[in-house]
Each structure stands twice: as structure tokens, then as C-alpha cells.
1. State, to one decimal in nm, how far the label point of SER431 lies from the label point of ARG83, with both points 7 Å from Cα in the Cβ direction.
2. Would you mind classifying region 370-420 by shape? Square roots of the alpha carbon gyration tensor eigenvalues, ordered a ≥ b ≥ c; an a/c under 1.5 is rounded, otherwise it is prolate if a/b is larger than b/c and oblate if not.
3. At 1.4 Å probe size, put ARG526, ARG63 in order of accessible surface, largest to smallest.
4. Need the full-extension length gain, LYS14 to THR441, defined as separation in residues times 0.36 nm minus the C-alpha distance. One decimal, nm.
5. Can you compute the modelled spin-label distance between SER472 and GLN413, with each label point 7 Å from Cα toward Cβ, in nm?
6. Given the whole protein assembly as supplied and a 1.4 Å probe, what does the accessible area of GLU578 come to in Å², nearest 10?
7. What number do you get for region 310-468 when its Cα radius of gyration is normalised by 2.2 N^0.38 Å, N = residues?
8. What's the extension gain from GLN543 to SER294 if we count 0.36 nm per residue and subtract their Cα-Cα distance?
Amino acid sequence: MKRSGDSEGEKRRKRRKLLQELGDQKIPFLGPSDQGYQQLWDSSYSGLVLRRSLSLPAELHGRVQAALLTLRRKGCLLRDLVRIRERDVFTLVSRTLLGEPGHTYRYLDTRLFAIPWHSEDTEEGDRLTQCAKGEAEAKQGEEGDTGSKHSEDSKNSDGGDSETRHSDEGDTESKHSDEWDIESKHSEESCSGSKQEGQWETESRHSSEEGESCQVKPSESGVAAGSEGKFPGWTPKAISGTEIKPAGRGAQQRPVEQLKHSLSDHHIEDKEKCTGPVKFNVTLLNYMDPAAMSQLKEEPYYGMGKMAVGWHHDENLISHSPVAVYSYNCHNDKGESGEGGSGEKACWRIGLKVAWDIHTPGLTLPLEPGDCYYMRDDLNSTHQHCVLAGENARFSSTHRVAECSSGTLTYIQSRCQEALSNLHTDPETGSRSLLALLPTTLQHCEEIHNEVEFEWLRQYWFQGRRFACFCSWWTGPMEQLEKDWKLMETMTMLFLDTVEGEEEEGQEGEGRREMAETLLSTLTERHQQRQTWRDRCHSTLAQTLPPEEAPVDRPFWGVDDPNMPLPFDLADIINRVESLLWRM
């Protein structure tokens, strides 16, 4: 859902007022070595909870980290060509989406299609899982005592975020870099068959495995190993019940899915009211290497340091649902951990601030490799966060409960059936006709037609053929959507023939003008959107991509021939409808 011009104007006015009040001064912020750090966390950032790496099994760390490196080596983490202020820009963060089968996630006018993190189809077989499994075993063999060595080898991490965007991506702090506070741009356009708002919380089918796993804030218990020595005076809290046991579903799970269940089972609530595991439906896997970036923008308001991702709220989440982030960084693509520099800023850190507030100090949270952090309750809506770059490359796995009411394969397939139920095919002759000619019915069908083309087919093909390189799951469904789209193109022409035919027969018909106006409105929108997508496919930026990642101007009528034009000339049809209306 795009924000209105009035909303944008109001935000600009608020931002100008705040910046005028701030002047040239920097807002104070506190890190772990500063006095009052824990008090600030407890009073103003209580929705942020840290979970130290030692609370997860070393075996799980090894499998997940090997899987992340495998995805990186196999070319599955790619920069997105997103749309910001009517222009295309590349993200600095490379990423891919994993999630429930058939789920998608939409951000910055870009729909990502999830690689299923588990599949009932044994033939799909997951080449990547096989590779990851082999590499994990090799890594564990090299490490020997993984449990004792892991906490050191995982030493420099970032906090990743659910929808990471860099402030240099066309100056994008979330949607606009010049906004102090950013609201969701597509709050109704993201993911998959989710539960209704407020129903995300409890899925207790694994409650027998979770034990006493509620986590509390760092001020309430003992110190995680190694943390106090690095940042004197800060006493972070280890999770309660630190007995380490394997994740409940066993070693046969895929690493990221196993991580998802581990994070879900340890979802943080107050000690007295542990509500059980959360059903995360997607995770964004992000990768960024600061050394490969020519310039990272300085955090502008607090002076926190170099930003990998600018200030933003995470988009498209079920209200008050948690975000869980697993952090891991490495020195190079071989998975070798960096030694880490001295001081707080050598680590990857998360920065937080209260939205629209220049009086409450900001807060930074350093992250060791393998650490997890959670944003719970209303933290994501009342606060903003950024990611502050460390010295080494980093991965983050950002698990969330995405709002996906219009973003699943099941959803769009049902929409197709709604539209095609108005198309009748004669079983003997094969000729086709429309069953209902009510303007409201026709408008509904044409809106679905546009949705299938611009929210699904063109979104999918704009990202090139990259999905087919490492995941065949979406191939069949997208082929079927394209077949349905072709039938909808036929329905459009039947609609036009009906309107023009009535004129030739001299039948005025009560709804004829309304039918023509409905057709003109939907075709005009379709024509404009097709031109926008074609321009994007042939833009200078798009042409810099390798062939396997380059956008494809699709759908087209000749599926096997990319040079085959669309079957109907929309400009000509629009002229015909305009002439028809003029004669009425």
C-alpha cells in the first residue's frame, strides 16, 4: 500500500521541525562501556532482547554457517534491483528469501520468491542441502572439538535486519533517506497465508520440546562467556535455562529450518508468561562485505559510525510479532573467521532509536558471531534500527512473521480461478464466451488480470532466470500462471467484442457505456504499467547484469520466443474504446 501525498508531506514537515530543533548537534547515544547503558536499555528499549551464541548447540552453529557459506558460493545471494522514488537502484546487500513453500515477500516494489526451507518433494532433492551437509561435516571434522572452539571462531557478527536497505542505495534509509521515521510502504502486499493480525503468537505443537526456554533481558542473570572482558562494565544476560540440547526436530532438518525452529522455541517473553514457539513463515538471508564497498555512509544523527543499513522500520510484519535475527560473519568466502579489531566499533552493531524523538539517547548493541537478537512487542513500530558495519563480511538470517494475505501462490491461484470462472469454453467447438457481462464482474476480472501480470509474472521474470539456477520449485506454478494470464487476455478481447458488437447491432444497452468505461480504465492502467516494466527491463542498470540475472520482458504470448510480441496492441484497443465512448 503506497502512502498518500498528504502522509508524505506531513512526515517531511515533522522531519524539518525536528532537524531545526536539533541544529548542528548530535544526539547522544550509549554503548556497553557507557554509564547508564543498562538503565537506558531497560527504560527505553525493553523490546530488544539479546541471546548469546553459547545458548545454541555448537552443532547447529556449524551446520547453519556452512549452509550460509554454501549459498554464497553457489550464487544464491544476489543484489536486488529495487524501485525507489521512481528509479531503479541496486541494493548493496546480497540476499535470498527462504520460507514456507509458495510464500513471497514484497519490499521496495520488489517481490522475492521464497526457496522452500523444507519440501515434501523428494525429487526436488535440494542440491544445496546436499552441498551444505557435506561442507558442514567437513567443517566439523576440521574443527575437532566444535563445542569448545565455536564461540571463538564466531567472533564478529552483525545484526542483520528483516528488510535490510543501505543508505547509499540511492540514499535509501528504508524508503527515503531524508525521512526521520519511515512507515511501511507495502503493509498489505507482502507474504503468505498468514494468520490474522494478533494471532501470530502461539503454535504449541512443539511445547514438549522447548522446556523452560523463555529468555530474559541482559540485566537479569549471569554473564555470557567472554563478553565482559571485551566491554568492561557491561553485564549482559545469558538466557535462563542455559542447558544446551539439540534442536527438537533432529539432524535431518535443513540447517536454516532447524535454526528457525530453535529461534521459535526460544521466543522471548517475560518469565512469568512464556507463550511458546512462534511460527516464523519467512527468513531473509543477507550478506555484505564492507571491504567490497567503495564508500559507506556515516550515521548522520548520532555519530554511531559507518552504516551498512540505514534507519528503518521492518515492513510487512504482523502487528506486534517478533523478529529474530541470527548473526554470523567471516573473513572470506572460505569461512575463515576474522581476528576482529580492538574496540566496540570493530564489531557489527545494531543501532536503535525512538522514532520521532531527538531527546531519548540512542543505543548500540555489539554482536558476537552466532549471537541472536529479538525485536519484540511494539519495538519495530515505535523505534527504528540500523546496522552498523564491522570490519569483516557478515551474514544474517532474519526470521519474521510476515503479513502475507495477498502474497502466496495459493492466494493468486484462487484469484485466477475467480476470474476464469467467468469464461465458458464450448466442449464441441472450443469457442469461448463470457458468462456474465455485468460491469462489476468485468472490472473484477480485469483487476485480477492486472494483478497476475504485474504483481507476479513480471515481478518473477524481472529478476531474470536466477531462480531456475538453484531452485525449480517455482517453475511449474509460474508456467501455469502464464497459461491463466493468456486466457485472461482472451477474456479482454471477448469483453471488447461484446461492447463493439452491441454498437454494430444498434443496441444501446443500459450498461454499455459503463462497460466501455470500465474497459478503458483497466486497459489504460495496463498499458502504462507494461511500458514501465519494459523501460525497467531495458534500463542502463538492467543491462549491466549477467545474462542469467538480466530482467526478461515477460509475459509474452510466444512463451518459447522472447521476440514474439504480445497478442494485442493495447494502444490500438484503447483508441478503439475511446472512439466508441465518443460516439455514444
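The values are calculated or read from the model by the stated rules, or taken from the named source; none is laboratory data. Predicted model, so just to flag it, every value in this text is computed and none were measured. Cβ placement follows ideal geometry from the backbone for every residue including glycine, while neighbour counts extend to all protein chains displayed. Remember, those area values only see protein heavy atoms, side chains included, never the ligands or the DNA or RNA. Shrake-Rupley method; radii C 1.70, N 1.55, O 1.52, S 1.80 Å.
1. That separation, rounded to one decimal, is 4.0 nm.
2. Cα axes put region 370-420 in the prolate bin.
3. My answer, sorted largest first, is ARG63, ARG526.
4. 149.4 nm
5. 1.8
6. Ignoring ligands and nucleic acids, GLU578 comes out at about 90 Å².
7. Details: Rg = 24.2 Å, N = 159, 2.2 N^0.38 = 15.1 Å.
For region 310-468, the normalised Cα radius of gyration is 1.60.
8. Computed gain between GLN543 and SER294 is 87.5 nm.
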